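S.K.: Handing you this structure, nothing more for now.
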Amino acid sequence: MSVGLIFLVVLVLAAAGYFVGRARALSLSAQSGRKLHSLPSYYGQTVALFIAVPAFFVLIAWLFIQPIVIDSRVNGMVPDSVIPDGGARSLVISDVRRIANGLDAVLSRDAIDESALTDGSIDFSSIRGRLADVGVALVGDVPTEVFEAAKAYRQGAKFGNMMMTVAVLLVAIAFGAWSYTWIRPDMRARNISETFIKALLIASSTVAILTTAGIVGSLVFETINFFKMYPASDFFFSTVWNPQFRGGSDLGIWPLLWGTLYISLIALLVAVPIGLMIAIYLAEYASKAVRSVAKPMIEVLAGIPTIVYGLFALITVGPFLRDYFAQPMGLGSSSSSVLTAGLVMGIMIIPFVSSLSDDIINAVPQSLRDGSYGLGATQSETIKKVILPAALPGVVGAILLAASRAIGETMIVVLGAGAAAKLDLNPFEAMTTVTVKIVSQLTGDTEFASPETLVAFALGLTLFVITLGLNVVALYIVRKYREQYE
Amino acid sequence: MNMSGMTTAITPTPKVAAMNETKVSARDVQVYYGDKHAIRDVNIEIRSRTVTAFIGPSGCGKSTFLRCINRMNDTIASCRVEGNISIDSENIYDPKVDPVQLRAKVGMVFQKPNPFPKSIFENVAYGPRIHGLAAKKSDLDDIVASALQKAGLWNEVKDRLDSPGTGLSGGQQQRLCIARAVAVSPEVILMDEPCSALDPIATAKVEELIHELRENFTIVIVTHSMQQAARVSQRTAMFHLGNLVEENDTDKMFTNPDDQRTQDYIMGRFG
């Protein structure tokens, strides 16, 4: 049975368990004349949960473990002699996997009986050609050992799938039956459901936390590999970025970091004042009608794909800045520039600042406004001296969110600021950012063995540490200067 | 009339002699919230240096009328005020009058204590700062100290003026709000159920404070507590369904009211 089908069967069993459990609780209560501890549906829910949750748990665990077990068994069947010179063992193993998957298609296309694979009634020496016919292209002929391994792999997978079906259904039925017989009128079914729900919620949050840990872990791991090949002092202190795929590259982070910070700074200089003023207008001055139209329209800015902003930077803003500012002032003749990318990115993050700040300003209690007006303050005095200070922690949070968007942005930079890694103060120069270089180092022929590709992980980790540091600093500032209003 | 120099007012000043002169006068006041006619034909004279209590069942319009006196209703878009309210014979709804200036003259204390999320000092200094009442830092210090003294809070907070106003207890917060209003040296102070969120001990302190403030300010207080009206006010006005039912000396009001509805309300027959 396929995984999807097993899933459906378990769901159907759980649904059936719900009704059976509910009915049993009702009939037991009627027989014994005792009042049920919980509502009847909770007994049904308990049975359903006992059927579904352990079964899904087994299913997921099996899907993780089965490939590992089969791979290790097949691995032992492939002798070193069949591995071509200079080739990797993992490539042969992946051939084994592809042959195994292709065999099904070959069997059904040529109407060959399953038993032909083992009794040798059909000659499989031409297996490469047959596999090519069903869309599985192999580099060379298939050695017997590899073919045998593929057959074993296929058998193992088949057997594993069957066992999985049996195990999952057995677990579902066993737990279901056990919980069914357990039903008594005084069973605390409500509390059992509650515990289950709580466990589910905890499991969900664990997934998110583990994923974060996994991402950081893989970054750290690859970064350590990188620093084994390339000196950390050069990476952190060199001001030259010049990767050579023949080796002997200069991989200094500073030109990229400078580009990232410069472009983000310009973007924030555009977005923070405009966004804050929009937020103040929307929250304090705009009528309900204006607000209900203006706010969604501004939020549309956040929904435009960044590649479209990139095009806008490339064909409109870039040439405009070059023709009317850079060239007349003699500051350069490139249409890709830090200023182009910064301006366009600033426009993109305006809604992050304005929309969040607007919500935060709205959350400042009306009583504070009344208090200020009651003392004879004007609206702008009230905003400046009471509302903004009270909203400050939230506003800083909004700005930080916008900043992390700006630091992580890639498309606008590629199209707006170019890909030249440079350390320059002139905002009309083309520069580039960390993210753009991560992409360019990892696109194309990728084997994670040279410092030129592994540097991407070091760059990513540096960026991660910087944004994390930014958040920590902001959190500190917010805590220190928070004005509590509740 | 800046009385900020006066802390204890046992000596009658010339103005106290004129206690019965009219400070606020309302003529045919109508208030509408959208289509709802919330206040009908209210005519009242509020006397100088007197505590006037507004009583009446919930929703009778007493708070709405109170907020007309400093034009706080201007901040509500759907609210419309008609008629004439004058302070010292000057119509406050005249287009020439700046509501912001008016509110410096007519202070307000709200139902729930609403100190700004700032230090105690900054809370009291807020009004004097925006109105430019202090030329030097030392002047500001004096204004803040004197306002806190008048609000009976000085001894409790003088050593921690820099700690946040929101960290005080509820009763202290409300007295801080009163100090904040007093610091601008208003002529009239409006109080909208100032004790409804306070415990009995804090309430007693605020009532005592109102009693002292009467020497210097004209006070209008909205209250749901008949006992409170009887304790703190000299004049009482009874509102019902947007109408001013009766306005009289507090003593007479609580012993022998002219209107049957007042009698019924005070006896607890409705409301």
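The values are calculated or read from the model by the stated rules, or taken from the named source; none is laboratory data. In this text, all values refer to a predicted model and were calculated from it rather than measured experimentally. No Cβ is skipped: glycine too gets one built from the backbone with ideal geometry, and neighbour counts run over all protein chains shown. The area values use the complete protein model at the heavy-atom level, side chains included, leaving out ligands, DNA and RNA. Shrake-Rupley method; radii C 1.70, N 1.55, O 1.52, S 1.80 Å.
S.K.: Could you check, for region A:174-190, whether at least one of its residues is at pLDDT 90 or above and touching a Pro at 6+ places or on another chain (Cβ under 6 Å)?
M.R.: Yes, some residue in region A:174-190 is at pLDDT 90 or above and touching a Pro at 6+ places or on another chain (Cβ under 6 Å).
S.K.: Quick test for you: out of A:215, A:209, A:197, pick the one residue that is without any contact (Cβ under 8 Å) to a residue 12 or more places away in the chain, assigned to a helix (DSSP H, G or I) and farther than 30 Å from residue A:395 by Cα.
M.R.: A:197
S.K.: Find all pairs meeting these conditions: Cβ atoms under 6 angstrom apart; at least six residues apart or on different chains; first residue within region B:84-98 and in contact (Cβ under 8 Å) with a residue 24 or more places away in the chain; second residue part of a loop (DSSP other than H, G, I, E, B).
M.R.: B:85/B:92
S.K.: If I filter region A:369-378 for residues that are of a type in the set (S, T, N, Q), under 27 Å from residue A:297 (Cα atoms) and modelled with pLDDT of 90 or more, do I get at least one hit?
M.R.: no
S.K.: Mind listing whichever residues of region B:94-127 are among the acidic types (Asp, Glu) and either part of a helix (DSSP H, G or I) or in contact with a Phe, Trp or Tyr (Cβ under 7 Å, 6 or more places away or on another chain) (or both)?
M.R.: B:122
S.K.: I'd like the residue in region A:359-370 that is within 11 Å of chain B (Cβ to nearest Cβ) and open to solvent by 10 Å² or more (accessible area, probe 1.4 Å) and, out of all such residues, is farthest from residue B:104 (Cα to Cα).
M.R.: Per the stated criteria, the residue is A:365.
S.K.: Among the residues of region B:80-104, count how many are open to solvent by 60 Å² or more (accessible area, probe 1.4 Å) and farther than 19 Å from residue B:42 by Cα.
M.R.: Total satisfying the criteria: 4.
S.K.: Please give the number of the condition residue A:152 fails out of (1) open to solvent by less than 40 Å² (accessible area, probe 1.4 Å); (2) over 38 Å from the mean Cα position of the chain (by Cα); (3) modelled with pLDDT of 75 or more.
M.R.: For residue A:152, the failing item is (2).
S.K.: Next question. When region B:113-154 is examined, which residues are found to be in contact with a Ser or Thr (Cβ under 9 Å, 6 or more places away or on another chain), within 14 Å of chain A (Cβ to nearest Cβ) and open to solvent by 50 Å² or more (accessible area, probe 1.4 Å)?
M.R.: The answer is B:133, and nothing else.
S.K.: Does region A:276-297 include one or more residues that are without any contact (Cβ under 8 Å) to a residue 40 or more places away in the chain, open to solvent by less than 30 Å² (accessible area, probe 1.4 Å), in a helix (DSSP H, G or I) and in the same structural domain as residue A:456 (by TED's automatic domain parsing)?
M.R.: yes
S.K.: For a quick check of your reading: which helices (runs of 4 or more DSSP H) sit entirely within region A:371-420 and have at least 2 residues that are within 14 Å of another protein chain (Cβ to nearest Cβ)?
M.R.: Ranges flagged: A:379-382, A:388-408.
S.K.: Taking region B:160-202 as the search range and keeping residues that are assigned to a helix (DSSP H, G or I) and more than 12 Å from every other protein chain (Cβ to nearest Cβ), which one is most open to solvent (accessible area, probe 1.4 Å)?
M.R.: B:201
S.K.: Now a separate question. Only one of these conditions is not met by residue A:18: (1) out of contact with any Pro (no Cβ under 7 Å at 6 or more places or on another chain); (2) surrounded by fewer than 15 Cβ atoms within 10 Å (Cβ to Cβ). Which number is it?
M.R.: Single failed check for residue A:18: (2).
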